[in-house]
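Asks: Please find one structure pasted underneath; my questions will follow.
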Amino acid sequence: MKKEKIVIKNTLGMFDLIKGIMLLMMLLGHSTVFNGMYSNLNVVTYLIIGIITVLGEAAMPALFVISGYGLRKTIFTKCVKKQFKILIVPYLITVVVTSIVAFVSMAIEYGDIIRVVKETASLFLGSLFGITPGTGYLGFYFTACGPVWFLVALFFGNIISNQLLRYFEGQKLLVAAFVVSLVGWGLTFVRPLPGALSQSFIAPLYICFGYYAKKHKLFVSQDNVAKRNISIVLVIAVILAHKAMAGEFYMAHNVYTYGPFSIVVNGLAALLFIYWFLHLNTLNGVISSNIRKIGRYSLYLLCIHSILYMAIGTRIQQVFASSWQGSPWLGFAIVLTTRLVVDLFITFIFVRIKNSLTK
């Protein structure tokens, strides 16, 4: 009996599963790592941790690639207005809500109004200006804006990519986007700048990867299977070589161990993981269906997670980690489970209320 060929349908919801997985990886990455977690591990555990690490590092590039898949060339002003509405408006709302929640929680915890005002101002201004990671200017410390830096980088990244599309196509577009990413990498050698500028100049490379993938049907084409499989093996080899050389990729903090090489490798990893996970779209069980739902609510989950993480989450994690006396893996499981339950519960409730008001 012949094995049924898996056909990847080019539909609006084709990326819901991969977006849900990548958002879950983000929540996993933002959970506290307890001292002693990585001692006395066996080969299987190291392998699992390695896979999760590579997948986690590819999460943000993958989300940029997916955004590029839906990119449409348009005039500059129309592009700016559209991106401002769908990205900056929720970003600004998130900044305001985060500052309010942080002020109230710190007022209850500290009781020192001067300290509360200073720390809230640091968080509000750092978030408003899109500073990541946190840094000091003229004696004042600007707290990092948190996970929503992605929205700022995507805003500027889409605008830059739209302009590149006016002059370049095909492989020339990728070369131009790579040159722009070099500017972003160069900005990592100075202190963090407003507007997540370093990430904003690196993002167009991944966005153009997505645009190129759609134009050349890299995710849906069934032609030349041998050539495709060889390319996948080569990409895997490059990714493993990068990790073997202790290569690190942490876009939020501008960490690229091997500079442009690390940037390109993780872009390729993102393409590879998207391709792999698209083949899981045949799954329609309870788990996969709920992960798809998370993918559809990705914008809301990102904003709500950022509010909770920046306003109260980091402080609660630190207090819990410093007082925890049990197994480090159990402590980590408690933090992760709590984060998943709270963030997802609030997200689903928010969407339900929003839909009710819309109706």
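Asks: Cβ-Cβ below 7 Å, separation at least six or inter-chain, first residue in the stretch 115-132 and under 15 Å from Val101 (Cβ atoms), second open to solvent by 70 Å² or more (accessible area, probe 1.4 Å) and assigned to a helix (DSSP H, G or I): which pairs?
Replies: Pairs found: Val116/Phe103; Thr120/Phe103.
Asks: Name the single residue, out of those in the stretch 120-143 being in a loop (DSSP other than H, G, I, E, B) and open to solvent by 70 Å² or more (accessible area, probe 1.4 Å), that is modelled with the highest pLDDT.
Replies: Within the stretch 120-143, the match that is modelled with the highest pLDDT is Phe129.
Asks: Can I ask one more? Are any residues in the stretch 314-342 assigned to a helix (DSSP H, G or I) and of a type in the set (S, T, N, Q), and if so, which ones?
Replies: Result: Thr314, Gln317, Gln318, Ser322, Ser323, Thr337, Thr338.
Asks: Check every one of the helices (runs of 4 or more DSSP H) wholly within the stretch 59-119 and list those with 3 or more residues that are polar (S, T, N, Q) and crowded, with 19+ Cβ neighbours inside 10 Å.
Replies: In the stretch 59-119, the matching helices (runs of 4 or more DSSP H) lie at 89-110.
Asks: While we're here: State yes or no: is Arg296 within 23 Å of Thr94 (Cα to Cα), of a type in the set (Lys, Arg) and within 18 Å of the chain's Cα centre (by Cα)?
Replies: Yes; evaluated as a whole, the condition is true for this residue.
Asks: Name the pairs: first residue in the stretch 287-313 and outside any helix (DSSP H, G or I), second residue open to solvent by less than 30 Å² (accessible area, probe 1.4 Å), Cβ to Cβ under 7 Å, at least 6 apart or on different chains?
Replies: Cβ pairs passing all conditions: Tyr297/Thr347; Tyr297/Val351.
Asks: Among (1) part of a loop (DSSP other than H, G, I, E, B); (2) within 30 Å of Gly29 (Cα to Cα), which single condition is Lys217 missing?
Replies: (2)
Asks: Report yes if Pro192 is touching a residue at least 60 places away in the same chain (Cβ under 8 Å), open to solvent by 10 Å² or more (accessible area, probe 1.4 Å), outside any helix (DSSP H, G or I) and in contact with a His (Cβ under 7 Å, 6 or more places away or on another chain), otherwise no.
Replies: Judged against the criteria, Pro192 is not a match.
Asks: Does the stretch 7-25 contain at least one residue that is modelled with pLDDT under 80, of a type outside the set (Gly, Ala, Ser) and surrounded by 15 or more Cβ atoms within 10 Å (Cβ to Cβ)?
Replies: The answer is yes, given that some residue of the stretch 7-25 is modelled with pLDDT under 80, of a type outside the set (Gly, Ala, Ser) and surrounded by 15 or more Cβ atoms within 10 Å (Cβ to Cβ).
Asks: Would you call Phe345 more than 18 Å from Pro147 (Cα to Cα), part of a helix (DSSP H, G or I) and modelled with pLDDT of 95 or more?
Replies: Answer is yes for this residue.
Asks: I'm trying to understand the selection: among the residues of the stretch 256-295, which are open to solvent by 40 Å² or more (accessible area, probe 1.4 Å) and of a type in the set (Lys, Arg)?
Replies: Lys293
The values are calculated or read from the model by the stated rules, or taken from the named source; none is laboratory data. These numbers come from a predicted model, not from an experiment. So basically every Cβ, Gly included, is an ideal-geometry build from the backbone, and we count neighbours across all protein chains shown. Side chains included, ligands, DNA and RNA excluded: accessible areas come from the protein's heavy atoms. Shrake-Rupley method; radii C 1.70, N 1.55, O 1.52, S 1.80 Å.
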